[in-house]
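Asker: Structure incoming, see below.
The values are calculated or read from the model by the stated rules, or taken from the named source; none is laboratory data. Everything numeric in this text was worked out from a predicted model, so none of it was measured. Here the Cβ positions follow ideal geometry from the backbone for every residue, glycine too, while neighbour counts run over all protein chains shown. The protein model used for the area step is the full one, side chains on, heavy atoms only, and it has no ligands, DNA or RNA in it. Shrake-Rupley method; radii C 1.70, N 1.55, O 1.52, S 1.80 Å.
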Amino acid sequence: MTDTPDGITRLRKHLTMIADIRSAAAFLRWDQETLMPPGGTAARAAQLATLTRLAHEYFTSPETGRLLEAAEREAAGLAPDSDGAALARMTRRDYDRLTKLPSDFVAEKARESSLSVQVWREARKRNDFPGFRPSLEKMVDFARRTADYLGFIEHPYDALLDLYEPDMKAREVDVIFARLRQVTVPFVRAIADRGRTVDDDFLRQDYPEEGQREFGLKIAEAFGYDLRRGRLDTSPHPFASGFNVNDVRITTRYQRRYLPSAIFGIFHEAGHAMYEQGVDPSLDRTPLARGASLGMHESQSRMWENLVGRSRPFWEHYYPVLQQQFPAQLRKVDAELFYRAVNLVRPSLIRVEADEVTYNLHIMLRFELEKALLEGSLRVEALPEAWKGKMDTYLGITPPSDADGVMQDIHWSQGSIGYFPTYSLGNIISVQLFEAAQRAHPGLLDDFGRGRFASLLGWLREHVHRHGRKFLPREILQRGPKFCTQCAGPLEYRRLQDERWPQPVCPRCGHVEWQNPKPTVSALITRRRDAGAVDVMLVRRAIPPERGAWDCPGGFIDPDEHPEDALRRECREELAVEVQLGQIVGIYTDRYGDGGEYTLNIYYEARIPRGAPSPGSDVSDAQWFPLDQLPEPIAFGNNRQALAALKSRLLP
């Protein structure tokens, strides 16, 4: 992050201390899962509560707010794709949400979730759901209270899902899952009815852990996981944890009698780790130095685990290496049989061991149960039976124990409710990204057959990894045009001479698809009350993007339309009134929603000389608010900048 203005530099310096505290807490969580003796549980819970409270209080402090406002004023003059603008934008997003959570609540949740994980670990060993139930009830209560604090318009699940997958709504997940369910459930049944299967008993021989570890690490390094900046350990539930771009660790768990569990777990977690190792080092120790979302993170892990690690070319190259690692077990098994065995479609009890066809069904049932728990239509004590019922409905099997059923995942013990849909979103995104990489590198699968992965990793580094959290996931997937308007060839982003940021260029014909912003115009409609108080008129958006958020009346300028004529038209359409326009308050750059078009936004002061406004086209409500007591959420960063400028102009 170079050549940044002073205000953004001061904000970044302030945020580095908070990042360091959060990294220390993450290290303690990693230690709790890998090395900490059970007797340290209570003290570790207290330590995590203290660090979490400190990080939260520093981040949500008035000082952060003041620094952020100054940084936003400077960011208004920067390109939206710049590091400084992204830092201000993402810090604002986090600040507006986290300031709604009381520090005592955040610390209490951190302490209780740390204790809950240890209870879950011991209870799962004993297959003792009643012993785990009180802890789980606390975690569900924390989830409900979190949703209430954060606020939601449609469903409490939205508030929690947004923590993991920004701006995603439960209804959108419902639509995706409805389509997946429609196709997948009958497909799984048809496969079962055929009665043809692959004999995979050889995968259940005795495979020593050290051999599994050695092979898994060999592949992870070949993929591009840098062991100078990472390490592999053992934990009850596999995970990846990064403390900075130069220290990103992974874990797995070994089953001596089931070979795929650990090796594919290593492939999976290496995908997570390579993402965070690939973040631009200039973003380290900022809120931008991690993945864009958990769905985007899962796209990386699922891609390397499945699209690479289960592909035929991959095993044509690496199966002889695995045979050398386990000669007695695999001497009589050829590469084709092994490939078919690790891609076998068969309903299974355990999510992390599920095949690619049935995996999303495991996610759907968790999503549906979580929603029911939040709504109160399902009690925690009834969860095991509800789990078994959905397993039977979706997969045609019933868990023989709660340990292999409702208690198999660590997530609920941590209070991570709202997390699970990101796994399926990651599956979908992984294919989209992989196909884009194949268009850029048609010989990708041939590379896998030679044990070469640099082309894929390089493409991901350029288009996904290096950006960290500078952009929302939809922005990464939809950034700019994809194909040339002159010859229909795939576009590449290149930094042209004297240009401030990369532009989409066609390597085939040389045409540049310039990303010029579209002009918009908005009204800052005010009225004065007694004692110098000022109200401003805001409308609630009834359409995407940011449906349900408060907006300033306005819209896009039509061709051959003067900005002032466009603004009068928009106010007639949205408020059914004529407005009298005053001075221009400011001009700001932004994007129209996640991955939307770049915009150049002109803001005018305005007033309503006569008539009462009423909501019209594209808005569901219109209200006056005190200029110093604005509602949340406010749509778009440019609205917040303009309202701040108006406040500084009109209020003492």
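Asker: For the chain, with every protein chain kept in place, what is the accessible area per residue (1.4 Å probe, Å²)?
Answerer: Working: 27860 Å² over 652 residues.
That works out to 43 Å² for each residue.
Asker: While we're here: Restricting to DSSP loop positions (anything but H, G, I, E, B) with no more than 15 other Cβ atoms inside 10 Å of their own Cβ, which trypsin sites (Lys or Arg not before Pro) remain in region 186-252?
Answerer: Working: sites: 189, 194, 196, 204, 213, 218, 228, 229, 231, 249; in loops: 196, 231.
Counting only loop positions with at most 15 other Cβ atoms within 10 Å, the trypsin sites (Lys or Arg not before Pro) in region 186-252 are 196, 231.
Asker: Just how large is the dipole of region 290-432 about the Cα centre, in debye to the nearest 20, putting +1 at every Lys and Arg Cβ and -1 at every Asp and Glu Cβ? Walk me through the numbers on the way to the answer.
Answerer: On the way: 14 positive and 17 negative charges, 66 e Å.
Dipole of region 290-432, to the nearest 20 debye: 320 debye.
Asker: How far apart, in nanometres, would the label points at residue 515 and residue 534 be if each is projected 7 angstrom from Cα along the Cα-to-Cβ direction?
Answerer: According to this spin-label approximation, the distance is 3.4 nm.
Asker: With only Lys, Arg, Asp and Glu charged, each at its Cβ (+1 for the first two, -1 for the last two), find how big the charge dipole of region 258-357 is about the Cα centre; round to the nearest 20 debye.
Answerer: Numbers: 10 positive and 12 negative charges, 56 e Å.
Rounded to the nearest 20 debye, it is 260 debye.
Asker: So what are the ³J(HN,Hα) numbers for region 46-61, from phi and the Karplus equation (6.51, -1.76, 1.60; θ = phi - 60°), rounded to whole Hz, Gly and Pro as x?
Answerer: Running phi through 6.51 cos²θ - 1.76 cosθ + 1.60 with θ = phi - 60° gives 5, 4, 5, 4, 5, 5, 5, 4, 4, 4, 5, 5, 5, 5, 8, 6 Hz.
Asker: Which cross-chain or sequence-distant (5 or more) residues have an amide H under 5 Å from the amide H of residue 309, H modelled 1.01 Å from N in plane?
Answerer: none
Asker: Name the residues of region 7-24 whose amide N is less than 12 Å from a point 7 angstrom out from the Cα of residue 63 along the C-beta direction?
Answerer: Correct set: 11, 13-18.
Asker: Then there is this: To test your reading of the geometry: what angle, between 0 and 90 degrees and rounded to tens, separates the Cα axis of helix 83-98 from the longest principal axis of the chain?
Answerer: So the helix axis and the longest Cα principal axis differ by about 80 degrees.
Asker: Kindly express, to the nearest 10 degrees and within the range 0 to 90, the angle between helix 383-395's C-alpha long axis and the longest C-alpha principal axis of the chain.
Answerer: For helix 383-395, the angle is close to 80 degrees.
Asker: Using DSSP to define loop residues, name the GluC sites (Glu not before Pro) in region 301-357 whose beta-carbon has at most 14 other beta-carbon atoms within 10 Å.
Answerer: On the way: sites: 305, 316, 336, 353, 356; in loops: 356.
Qualifying residues, ordered by number: 356.
Asker: Still on this structure, please answer the following. So for the chain, taking the charge dipole from beta-carbon charges (+1 Lys/Arg, -1 Asp/Glu), which of 289, 182, 35 sits furthest toward the positive end?
Answerer: The residue sitting farthest along the positive end of the dipole is 35.
Asker: Once you have the Kirkwood Rh of the chain from its Cα pairs, apply Stokes-Einstein at 20 °C and 1.002 mPa s and quote D in µm²/s. Write out the running numbers ahead of the final one.
Answerer: On the way: Rh = 26.9 Å.
Translational diffusion coefficient: 80 µm²/s.
Asker: Related question: Give the carbon-plus-sulfur fraction of the accessible surface of region 1-102 in %, rounded to a whole number; probe 1.4 Å, heavy atoms of protein chains only. Write down the numbers at each step before the final one.
Answerer: Working: 2550 of 4430 Å².
Carbon with sulfur: 58 percent of the solvent-accessible area.
Asker: Let me ask something else about it. Using amide H atoms built 1.01 Å from N in the peptide plane, name the residues 5+ places from residue 619, or on other chains, whose amide H lies under 5 Å from its own.
Answerer: When sequence neighbours closer than 5 places are left aside, the close amide H contacts are 542.
Asker: Over region 266-382, what percent of the accessible surface lies on carbon and sulfur atoms, probe 1.4 Å?
Answerer: Values: 1820 of 3790 Å².
Here it works out to 48 percent.
Asker: So what's the net charge close to residue 427: Lys and Arg +1, Asp and Glu -1, counting the other residues with Cβ under 11 Å from its Cβ?
Answerer: Numbers: positive: 302; negative: 298, 305, 356.
My count for the surroundings of residue 427 gives -2.
Asker: How much of residue 297 can a 1.4 Å solvent probe reach, expressed as accessible area in Å² and rounded to 10?
Answerer: 20
Asker: So how tilted is helix 62-75 from the main axis of the chain? Cα-based, degrees 0 to 90, rounded to 10.
Answerer: Roughly 80 degrees, rounded to the nearest 10.
Asker: If you don't mind, there's one more thing I want to ask. Does region 536-652 classify as rounded, prolate or oblate by the C-alpha gyration tensor (a ≥ b ≥ c root eigenvalues; a/c under 1.5 gives rounded; else a/b over b/c gives prolate, otherwise oblate)?
Answerer: Details: a/c = 1.12, a/b = 1.04, b/c = 1.08.
Cα axes put region 536-652 in the rounded bin.
Asker: Something else about it: Please list, ordered by chain and number, the residues whose modelled amide H lies under 5 Å from the amide H of residue 493; skip anything fewer than 5 residues away on the same chain.
Answerer: 505
Asker: How many percent of the accessible area of region 398-549 is carbon or sulfur, using a 1.4 Å probe? Intermediate values should be presented prior to the final figure.
Answerer: Details: 3180 of 6680 Å².
Heavy-atom surface of region 398-549 belonging to carbon and sulfur, 1.4 Å probe: 48 percent.
Asker: For the peptides 94-103, 276-285, 16-25, what is the packing order when you average, over each peptide's residues, the other Cβ atoms within 10 Å and list the highest mean first?
Answerer: Working: 94-103: 15.7, 276-285: 19.7, 16-25: 17.7.
The peptides rank, most packed first, as 276-285, 16-25, 94-103.
Asker: Can you tell me which lysines have their Cα less than 22 Å from the Cα of residue 388? Leave out same-chain residues fewer than eight positions away.
Answerer: Filter leaves 125, 371.
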